[in-house]
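The values are calculated or read from the model by the stated rules, or taken from the named source; none is laboratory data. Small disclaimer: the values here were computed from a predicted structure and weren't measured. Here the Cβ is made from the backbone with ideal geometry for all residues, glycine too, and neighbour counts use every protein chain on show.
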Amino acid sequence: MTDQTSPPGKGASEGGPGLEEARLRQQAIGVKLRHMFDQVVNEPVPDEFLDILRRADEGAAKKGGA
Amino acid sequence: MTATSPATPKPPSADDKAFKAELVTLIPHLRAFARTLTGDPTAADDLAQDAMMKAWDARASYQMGTNMKAWTFMILRNQFYSEKRRSWRQSQLDQEAAERTLVAVDDPESPVALDELRLALKTLPEEQREALILVGAGGFAYEEAAEICNCAVGTVKSRVSRARKALQATLEKGGYARDGRAAGDAMRSILAAADRLSSVRQD
């Protein structure tokens, strides 16, 4: 006999199709959200970033260690 | 005494080198997080550069081997809010502009689902939006997100949960005006697009 009172998270039996549907929608939003974020992550980094860092690095080296 | 040193710079220390190498790998993530906070690519890159430099300047206080991504995100977030406090008037104007955009955006060629999501995100309270982005897109655990946002883990959890519900509700009822589009269109296009994306990913 299957456990009908299993904790939420699985069974569509408990919440019915409404809950299942809601979960699907949340999943869809999650996928989309990651996609939106990853789009920017995958953009090439503008040279400016590395230039600034290189200059700071050289400056630090010139000043010498404490 | 330092001004007279010869033109040949000393080689950077090994620690600096390792720090820099790791920081460079985080730049794309800092840019993405900044983009979601500011909603504007140019302002986002300014913010990400500032955060990167703050992290570099503070490298002595960073412990190698701990989570540098969370550490730099925290720096970026603090930077964002301190600038925002200084220019609250400006952000208020931005907010008004954003609200106008919500109504005005009507480009039939645009990739609808992503636009809808971006706009819907903008309608969320800031603290909900950042929590959702960190956990839902940035790949942070609730505990890490709590550290970044300087709040309790339970607070992050409830913010993420409220954000998810609000986002879904907005997308389903089309909480912003977009002429001629029936309620629920946004959610339908997101579902369709997500279907395509996830089927591609799982291959």
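Worth a mention:
- First in the stretch B:24-42 and more than 10 Å from chain A (Cβ to nearest Cβ) and in a helix (DSSP H, G or I), second anywhere and of a type in the set (D, E, K, R) and crowded, with 22+ Cβ neighbours inside 10 Å, Cβ under 8 Å, 6 or more apart: B:Leu37/B:Glu130
- Summed over the stretch A:25-49, residues that are loosely packed, with under 13 Cβ neighbours inside 10 Å and either aliphatic (A, V, I, L, M) or closer than 15 Å to B:His29 by Cβ (or both) total 3.
- Check on B:Glu143, modelled with pLDDT of 90 or more and closer than 23 Å to B:Asp50 by Cα: no
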